[in-house]
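What follows draws every value from the coordinates through simple rules; no lab data is involved. Remember, predicted model here, so these are calculated numbers, not experimental data. Using ideal geometry, Cβ is built from the backbone for each residue, glycine included, and neighbour counts are taken over all protein chains shown.
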Amino acid sequence: MGRHARQNELWSEPVNLARRIPADHPLRKLRETVKLDFVREEVAGSYGRKGNVSVDPVIVMRMMLLLFWDNVRSERELMRIIPLRIDYLWFLGYSLEDEIPNHSVLSKARRRWGAEVFARLFRQSVAQCLEAGLVEGSKLHTDSSLVRANASLNSVVAVTLAKLEESAEEKPTKRGGGGGGGSGGRGGAVNQRHRVATDPDSTLVRQTIGKSYPSYKSHRALDDKAGVITALQTTNGIRDDGAELGNLIAQHQENTARKPRTVVADCKYGTSANFIALAGQGIRSHMGDLRSRLRNHQQKDIYPAERFRYDEGRDTYKCPAGRTLYRHHFNAHRGYYDYRTRPGVCGRCHLAAQCTRSKAGRSLNRYPGHHLLERARRQSHGPAARRDRQRRQWLQERNFAEATTQHGFKRARWRGLAKQTIQDQLIATLQNLKILLRRAGLAYFKLLELLQRCLRQLAAIQSDLQLTTGALFA
């Protein structure tokens, strides 16, 4: 039975941390993959030439990546465990005797740098995936997810009368999307009466059931090939999903230099304006049709618009009963022309019960470029669109689930829209780099398997040559 003899000096010679990090360690792969040389150049204007010397900006950026890589609870906690982790020290470039900076270094750097340096880091991760052949660019999946703001319900206060009068003079909030699956247009009214005192950029959002909570919303666009996040936008919680579609497509084209040929999304994006916009750009619409969902809930057992024949020469519609619908007015807010019958015509019709529930009679909407809308809707109801939406469902949900369980996506660490944007960009960057590392590992193992196969074939050839040579000498 042995007894440990305590030594006065723990290390008899300098320790090489790199030798103690396994070759397959994730942080070793991450350090070899992520390129942070641009950070010093990007943030050079944020530092002066006098005063205290700052921590290296590259090290600060690596600390922020570590914060979300292992979903460390807080910046204080990160600084506490860095001296205890040899892999963290090696990743940051520290030795065992180096002093770890105060946690305030990270918050000061975010405030001093701004969001552009993190946006460039995200774009660089997309470019690396593009170079590795992980981005095809022709098919784009879009979706959004709510993020709980770093604020409690106790910080929600009622808006004063002056604020109410000021908000009443502003343009009313557009209905039909915000609230993350259930709030609909009610989110705008709630947030006109209340605000979050500790985080005014967040908005109150209620999902299908339960209370309203201060929230943000993260909008993402994923490439179909490997699920790489190619576009990202952070908004308040009640922002309409469909309103961000054009921005996501523009970001995707800018980051990948490739125009998508197909856009896949659920019915929250399937508005008439989005259908017309995509068809006008020559992009196929494999989105769910919002009108179909409204018809199933609000217009059940009512004649659909397809039962009405449009006369382009007269600019009128003919209903199933043979009545004529004339252009009535242009809805500037919605962007369409409204067609109606003469007053009292629908009330005397024997098909009124199957045609409308409105006392004013049946009305139809027609948008400028309506032929583009009809073409896009036909595409959205095709079998290829249904298959793509099924793939989008698990592709997007897997992406959000990974961000939630491994990187703390569902809860904001900081307050303010700008800081929440930084959080989303850092998490999306790490997810893209993980895809890159996984594919690089698969490529390595495939190459190793190929080499082993070649060696086996060479051994078989050598064995055949030996047998042949022995037979000749015999």
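Here are some notes:
- Near the amide H of T316, within less than 5 Å, lie the amide hydrogens of D311, all on another chain or at least 5 residues away, with H placed in the peptide plane.
- Highest to lowest packing among 106-117, 200-211, scored as the average C-beta count within 10 Å: 200-211, 106-117
- The radius of gyration of the Cα set in the stretch 53-149, together with its Dmax, comes out at 16.4, 51 angstrom.
- With the simple spin-label model, which puts each label point 7 Å out from Cα in the Cβ direction, the N154 to I81 separation comes to 2.8 nm.
- Gain upon complete extension [A273, E397; 0.36 nm per residue less C-alpha separation]: 42.1 nm
- Full extension of the segment from I209 to T316, taken as 0.36 nm per residue of separation minus the current Cα-Cα distance, would add 34.1 nm.
- Vicinal HN-Hα couplings computed from phi for the stretch 58-67 (Karplus, 6.51 cos²θ - 1.76 cosθ + 1.60; Hz; Gly/Pro x): 5, 5, 4, 5, 5, 5, 5, 5, 4, 4
- With θ taken as phi - 60° and the Karplus curve 6.51 cos²θ - 1.76 cosθ + 1.60 applied, the whole-hertz 3J(HN,Hα) list for the stretch 416-428 is x, 5, 5, 5, 5, 4, 4, 4, 4, 5, 5, 5, 5 Hz, x standing for glycine and proline.
- Working value for the stretch 299-368: equivalent-ellipsoid semi-axes of 19, 13, 12 Å, each the square root of 5 times a Cα gyration tensor eigenvalue, largest first.
- For the pair H103 and V58, a Förster radius of 22 Å applied to the C-beta separation gives a FRET efficiency near 0.75, rounded to the nearest 0.05.
- Backbone HN-Hα couplings from phi across the stretch 354-359 [Karplus 6.51/-1.76/1.60, Hz, Gly and Pro as x]: 8, 10, 7, 10, 8, 5
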